[in-house]
Amino acid sequence: MALLEIEDLHVSFKTVDGVVHAVEGVSLSLDARKTLGIVGESGSGKSVTAQTILGLTRFPNATISGRILFDGHDLLTMSTEHLRDVRGARIAMIFQDPLSSLHPFFKVGHQIVEAIRAHEDVPRDLARKRTIEALRSVGIPSPDERFTSFPHEMSGGMRQRVMIAMALALRPDILIADEPTTALDVTVQAQVLELIQALRDDFGTAVILITHDLGVVAQMADDVAVMYAGRVLEQSSRETLFTEPEHPYTWGLLQSIPRLDAPRTGRLNPIAGSPPSLINVPRGCTFHPRCPYAPPPAFETEPALAPSQPGHLVRCHLPIEERKRLWQSLQKEHPVLR
Amino acid sequence: MGAYIVRRTLWAILLLLVVSFLTFVIFNVFPSADPAALRAGRNATPALIEQIRRNLGLDKPFYTQYWIYLKGLLEHFNLGYSYYNTESVKSEIFSRLPATISVTVGGFVAWMLIGIPVGIISAIKPRSLLDRIMMGGSLVAISAPVYFLGLVSLFLFAQGTGVLQWAGAAGSYVPITQNPGTWFNSLILAWLTLAAAFAAFYARMTRGNLIEVMHEDYIRTARAKGLRESVVITKHGLRAALTPIVTMAGMDIGLLLGGAILTEIVFNIPGIGRYAYDAIVNADLPAIQGTVLFGAFFIVFANLVVDILYAFLDPRVTYG
Amino acid sequence: MRRRNAVFVGLAAGALVLVAAGFGNGGNTSGAQGKKGGTITMLSNGDVDHIDPGQAYYQFTYAITYITQRPLLAYKPNSVTPIPDLAASMPTVSANGLTVTVHIKHGIKFSPPVNREVTSADVKYAMERGFDSAVANGYASAYFGDLVGAPTTPQNKVPNISGIQTPDKYTIVFKLRKPSGVFVGALQEPLTAPVPASYARKYDKGTASSYGNWQVATGPYMIQNNAAGKITGYTPGRQIVLVRNPNWNPKTSWRPAYADKIVIKEGFDPTVGTKQILSGSADVNGDFPPPAAELKSITSNSSQKSELEFTATSGSRYVALNTRKPPFNKLLVRQAVAYVLDRNALRLTRGGPIDGKIATHFISPDFGSVGFNQAGGFNFNPFPSAGGSGDVAKAMALMKKAGYKSGKYSGPQVTQVADNSPPGSNTAAVVANSLAKIGFNVKTISVQHAAMYTRFCNVPKNEPNICPNVGWLADFHEPQTLLDPTFNGKNIIPTNNSNWPLLNDSAINKLMDKAELELNPETRYKEWGQIDDMITKTAAAIPWIWETSPTLYSTKVTHASELWNGGEPDMSFMSVK
């Protein structure tokens, strides 16, 4: 049985402009010690999905349905009180911008101590010791001095390390990393990813890695789900996704990865157009307005997420053969990284 | 920080000098009553008035008068003597200080104790019935003038004048050292009246700030850590939401002082506000000067305290 | 003219009053047996003007001064006839009017710490210190300036006035330069209350006397003090505590002095103060009249209606026209204004009929046979109109006569300087509206009440065309104190002037100068009645209200209003029931 099972998750928010359908029928599963990458542009529903796992989208204006099974319990129906035991202790989360995610008025050490003491009845000095240990383990130099630093006194990379230390201080089963490197310098990005990887390997933590960057996924994920407009468009093992991607959107994502071995043309190959509004989602395939290959049915009916081979799910009207042929020809024009 | 405080203090002194000079200029340029004639009475001869004018030093050019005043102030911390009854302005102000401090500090405490919790409750359940009632009530409290509110509260709740004789009567003030119970009882309506408008305003501000702060990323982090919602709100949320409120409060202390003048008049509390009012009616420049300087000092001092406090409240702020 | 209610600071101040015309229920007053003991609480809005009896010149202060000090003469409640207080008998005046002799009572002692018997020298010193600018008494030169040897210029020390003689310990002889119709009346002023020279001299030194804070008493009450004599019962703007004077001998006084203690609490909003008196938590109002709204509710539906007394005040409010400047230098134009002014609307700015009768001339009804009747009483109304609302037709006719062909004024804008707050500002607005009916465009300069007087209307060179917020009350029961400072051409002075119309009519001046010296009361009052008639017809000033002053008592005390002092309660006659 999977460690975490998301079944047919729907999340929508009532706003003054209308109902935002942020997540529409997402089903995912995560096995212990594995890393699941969720990829998509902003507004694809990947962050909402992740936050819903921890009940962080429990707002009065939110409507949530489906199931999120963790350890045999449905996190969606769990009382806030019980969910609190899961948050931080069993499933931890780190966010995109460590500066805004750390409280500006509390010392970083205190913020970690607080997390520990929220779940374990340990004396203050022991919590402090463990905090310093955690800071050390994420590679923060002179952690006992850093304990009393304020977030604004640290660099971006250090701050994200603090976040990671906080998340891992209680040895959770799952770490949800929501765009953990987006706000960081390119050089620091790699360090942070390596850190997450190393800790995952050391502690055996399962990771849900949320990113818009397929390059990050390529480095870390075991399985990948590509999300678009609140839906999963393609889902497979990393290997399959990079060698035999079948969804035109995935192709677009792959082609927009900057390549280090190709001459720089000065611009990437972004997918034309912009993501749809989640209030007025297009009829038919949600991607069809931007899809150069969309066959006529895509304008009317939404394709189902169907297996093209075992372990590879694709949501597309194009016939499987056609997809393979198109990918082959694209590969010749513009090979992507392997 | 030390250098900062020194610099601020020097600025404050300069500001007070400017304020005292402006008060002098305003008094001399705009037509207010002639203090010598007021003191002399209606049947006095012009010669007597001139004599009084000389005795009060009012015959000298106003810059000379100002210089004499300034010398007295700087050399002996002498605020001069009332034109009207020759009492020492300094001793009048100091003897009235406890009453004014009682009014303002009590009003401030009431203002915070009412305003902030109401704002929090409203923020936790925005658009709930409770929120609507409290925010509606606060609109009324903000719009009602202190003087009117004071009279209404006296006619509703004060001994001697009220429908329900719950609180002390107007004019029943005694120093806290004399009888703390009577002191409290005589001031409670004044505090609530003074606090009402401010509390209402601060309730709205707390609500707005807290609602905004509760959308911050670090609140999400706090929740993701598994903290209790009550801790998330009162520790992480309020800590951030209240910091700007402290700054506002520092600036509003001037308004509080203004409100205290009216409150002291309605509730007949013998404080500096009442003294200022009488001084203006009597064209009593030394007393006006004294109270204006006191008010300016109070505001400058409060702002300095708030600025220093702010450096402690918000670690991102430093003063060099 | 003494200062009046703080709330009204407007009219200066008044004394003598006859019966409260038409109002009031009397309550149980002076004659009734009172009960010894207890405390009387008086509420006030403002403070006394000066705590020193030699400086006091304000009817609210007088309510305190007269029960702590004993001037030569004083009044019982409900009476306007002065009777001996410190004096043993009424003063005797020599046939030529130049010598006034007063004997004082034996065995009257100063309160602690002085404790010794009062002598005539103490009265002499008290009056002399009034001429020292450190005391700066407001009426000393007006009433006692005719004494032989009285200084004509301000003094920086207490002068020796040779015209005040003390042949023995109990006799004072006043020598006058010329006969005076008002000198004896003025002996009721608190300046004649004794001050012990040897004790007070050290406090009278310097530019401002501090005797007020060390004063000793001769009346039944004294301001609470300590063993050294320092006043402890007076906190400016807060309260005044009066306790019994242990050295007061009831056998020497006609004051019953029932209460053991009198507390004057200051700083009350008039509405709040009124409600406290109605509830019985205080006993009587001091310097403020109950606000019009409160008066209406008390008189219409309160069971405490009988606790309210209305006392007439001795003078009027009027609109002064500057006779030195065009267009009001013309008699016909002024008379047109007198016709057109809506006196009824003016009275409404002060609360309407409850505040008094519409005035038609200057000597007020409470003077009765001492000038009011002689001036023609209520029948003397030279500028009549229906309901007092103004007669536009008559006014326009006069304007035509004055050379304005359309009957409406066509000259340059005229200016008035008025109060910047109600009720005075409302009064000024009514004046402007009335004048607009005959073509005047009135520009109003609004300033604080005290500034209106001391910077504009009291300073002839700054005086505007119209002073709409002036008025005058008599100090005591002589029409001279009402009409002479205000309309005699010789009294126009460069500052602190009270002759607001700047009226300098030789016929009027001449008759006044004669009446001032007239010792025969009958002739004197007839002359002043005639003077009132002449002044009114010049329309240099247009009177519009003879005010009454309301005093509210609690149900816990007996009433005792001082008719001579504008309705201030006489707390030495009040008793706790």
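Do we have B:Ile253 as in contact (Cβ under 8 Å) with a residue 12 or more places away in the chain, within 14 Å of another protein chain (Cβ to nearest Cβ) and within 30 Å of B:Ser153 (Cβ to Cβ) here? Considered against the rule, which asks whether it is in contact (Cβ under 8 Å) with a residue 12 or more places away in the chain, within 14 Å of another protein chain (Cβ to nearest Cβ) and within 30 Å of B:Ser153 (Cβ to Cβ), B:Ile253 comes out as no. Do the conditions hold for B:Arg53, that is, is it farther than 30 Å from B:Val232 by Cβ, surrounded by 18 or more Cβ atoms within 10 Å (Cβ to Cβ) and assigned by TED's automatic domain parsing to the domain that holds B:Arg274? It is false that B:Arg53 is farther than 30 Å from B:Val232 by Cβ, surrounded by 18 or more Cβ atoms within 10 Å (Cβ to Cβ) and assigned by TED's automatic domain parsing to the domain that holds B:Arg274. The residues of the stretch A:73-91 that are facing another protein chain (nearest Cβ under 7 Å) and among the hydrophobic types (A, V, I, L, M, F, W, C) amount to a single one, A:Ala89. Being part of a helix (DSSP H, G or I), in contact (Cβ under 8 Å) with a residue 40 or more places away in the chain and either closer than 30 Å to B:Ile265 by Cβ or away from chain C (no Cβ under 14 Å) (or both) is a description that applies to B:Thr9. Across the stretch C:266-307, the number of residues qualifying as surrounded by fewer than 20 Cβ atoms within 10 Å (Cβ to Cβ), within 13 Å of chain B (Cβ to nearest Cβ) and not polar (S, T, N, Q) comes to 3. Return yes when B:Val105 is within 27 Å of B:Leu293 (Cα to Cα), within 14 Å of chain C (Cβ to nearest Cβ) and β-branched (Val, Ile, Thr) and no when it is not. The answer is no for B:Val105.
If I filter the stretch C:219-265 down to residues being part of a loop (DSSP other than H, G, I, E, B) and among the hydrophobic types (A, V, I, L, M, F, W, C), which single residue comes out as surrounded by the fewest Cβ atoms within 10 Å (Cβ to Cβ)? Checking each candidate, the answer is C:Ala227. For the stretch C:221-244, a residue qualifies if it is within 14 Å of chain B (Cβ to nearest Cβ), in contact (Cβ under 8 Å) with a residue 40 or more places away in the chain and not hydrophobic (A, V, I, L, M, F, W, C), and the qualifying residues are C:Tyr234, C:Pro236, C:Gly237.
Would you check if A:Glu234 is part of a strand (DSSP E or B), among the acidic types (Asp, Glu) and at pLDDT 90 or above? So A:Glu234 passes the test.
Entry remark, the stretch C:423-449: residues being of a type in the set (S, T, N, Q), assigned to a loop (DSSP other than H, G, I, E, B) and closer than 19 Å to C:Val340 by Cα number 1 in total. Each residue in the stretch A:41-63 was checked for being buried (at least 18 other Cβ atoms within 10 Å of the Cβ) and either of a type in the set (A, V, I, L, M) or within 14 Å of chain B (Cβ to nearest Cβ) (or both), and 10 pass. If you check A:Gly66 against the conditions, is it closer than 30 Å to A:Val23 by Cβ and more than 12 Å from every other protein chain (Cβ to nearest Cβ)? Judged against the criteria, A:Gly66 is a match. Here B:Arg53 meets each of (1) within 24 Å of C:Ile492 (Cβ to Cβ); (2) touching a residue at least 12 places away in the same chain (Cβ under 8 Å); (3) at the interface with chain C (Cβ under 8 Å from one of its Cβ atoms) with one exception, condition (3).
Residues are listed down the side, and each one gets a yes or a no for (1) in contact (Cβ under 8 Å) with a residue 40 or more places away in the chain; (2) within 14 Å of chain B (Cβ to nearest Cβ); (3) not hydroxyl-bearing (Ser, Thr, Tyr):
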{"site": "C:Val148", "(1), (2), (3)": "no, no, yes"}
{"site": "C:Pro159", "(1), (2), (3)": "no, yes, yes"}
{"site": "C:Ser162", "(1), (2), (3)": "no, no, no"}
{"site": "C:Val184", "(1), (2), (3)": "yes, no, yes"}
{"site": "C:Leu187", "(1), (2), (3)": "yes, no, yes"}
{"site": "C:Tyr199", "(1), (2), (3)": "yes, no, no"}
{"site": "C:Trp214", "(1), (2), (3)": "no, yes, yes"}
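Among the listed residues A:Ala165, A:Ala177, A:Ala183, A:Ala198, identify the single one that is in a helix (DSSP H, G or I), assigned by TED's automatic domain parsing to the domain that holds A:Ser42, crowded, with 18+ Cβ neighbours inside 10 Å and not basic (Lys, Arg).
Exactly one of A:Ala165, A:Ala177, A:Ala183, A:Ala198 is in a helix (DSSP H, G or I), assigned by TED's automatic domain parsing to the domain that holds A:Ser42, crowded, with 18+ Cβ neighbours inside 10 Å and not basic (Lys, Arg), namely A:Ala165.
Go through the stretch A:201-212 and count every residue that is closer than 19 Å to A:Leu28 by Cβ and not in a strand (DSSP E or B).
Final tally of qualifying residues: 2.
The residues listed here are C:Val337, C:Val263; of these, the one that is touching a helix residue (DSSP H, G or I) at 6+ places or on another chain (Cβ under 8 Å) and either touching a residue at least 12 places away in the same chain (Cβ under 8 Å) or within 14 Å of chain B (Cβ to nearest Cβ) (or both) is C:Val337. Taken over the stretch A:138-162, the residue count meeting the criterion of being in a helix (DSSP H, G or I) and farther than 18 Å from A:Leu102 by Cβ is 1. Restricting to the stretch A:109-144, and then to whatever is over 28 Å from the mean Cα position of the chain (by Cα) and among the small types (Gly, Ala, Ser), can you tell me which residue is nearest to the other protein chains (Cβ to nearest Cβ)? Going through the qualifying residues, I end up with A:Ala127.
When each of B:Arg7, B:Arg39 is tested for being out of contact with any Lys or Arg (no Cβ under 8 Å at 6 or more places or on another chain), surrounded by 21 or more Cβ atoms within 10 Å (Cβ to Cβ), in the same structural domain as B:Trp67 (by TED's automatic domain parsing) and not β-branched (Val, Ile, Thr), the lone residue that passes is B:Arg39.
Looking only at helices (runs of 4 or more DSSP H) that lie completely in the stretch A:9-127, which have at least 3 residues being closer than 30 Å to A:Asp223 by Cβ?
Where helices (runs of 4 or more DSSP H) fall fully within the stretch A:9-127 and carry at least 3 residues being closer than 30 Å to A:Asp223 by Cβ, they are A:46-53, A:80-86, A:98-101.
Among the residues here, B:Thr291 qualifies as more than 8 Å from every other protein chain (Cβ to nearest Cβ), of a type in the set (Val, Ile, Thr) and in contact (Cβ under 8 Å) with a residue 24 or more places away in the chain.
Considering the stretch C:194-247, and only residues there that are among the charged types (D, E, K, R) and touching a helix residue (DSSP H, G or I) at 6+ places or on another chain (Cβ under 7 Å), the residue that is farthest from C:Val135 (Cα to Cα) turns out to be C:Lys230. Cβ-Cβ contacts under 8 Å between residues 6 or more apart (or on different chains), taken from a first residue in the stretch C:477-503 that is away from chain B (no Cβ under 14 Å) and under 24 Å from B:Leu38 (Cβ atoms) to a second residue that is among the polar types (S, T, N, Q) and in a loop (DSSP other than H, G, I, E, B), are listed as C:Phe487/C:Asn499; C:Pro501/C:Asn322; C:Pro501/C:Thr323; C:Leu502/C:Asn322; C:Leu502/C:Thr323. Can you spot a residue in the stretch B:82-92 that is in contact (Cβ under 8 Å) with a residue 12 or more places away in the chain, surrounded by 14 or more Cβ atoms within 10 Å (Cβ to Cβ), assigned to a helix (DSSP H, G or I) and away from every other protein chain (no Cβ under 13 Å)? Looking through the stretch B:82-92, at least one residue is in contact (Cβ under 8 Å) with a residue 12 or more places away in the chain, surrounded by 14 or more Cβ atoms within 10 Å (Cβ to Cβ), assigned to a helix (DSSP H, G or I) and away from every other protein chain (no Cβ under 13 Å). Which residues, taken from the stretch A:69-108, are β-branched (Val, Ile, Thr) and either modelled with pLDDT under 90 or under 18 Å from the mean Cα position of the chain (by Cα) (or both)? Within the stretch A:69-108, A:Thr80, A:Ile91, A:Ile94 qualify.
Residues of the stretch B:173-188 that are surrounded by fewer than 21 Cβ atoms within 10 Å (Cβ to Cβ) and within 13 Å of another protein chain (Cβ to nearest Cβ): B:Val174, B:Pro175.
The values are calculated or read from the model by the stated rules, or taken from the named source; none is laboratory data. Remember, predicted model here, so these are calculated numbers, not experimental data. So basically every Cβ, Gly included, is an ideal-geometry build from the backbone, and we count neighbours across all protein chains shown.
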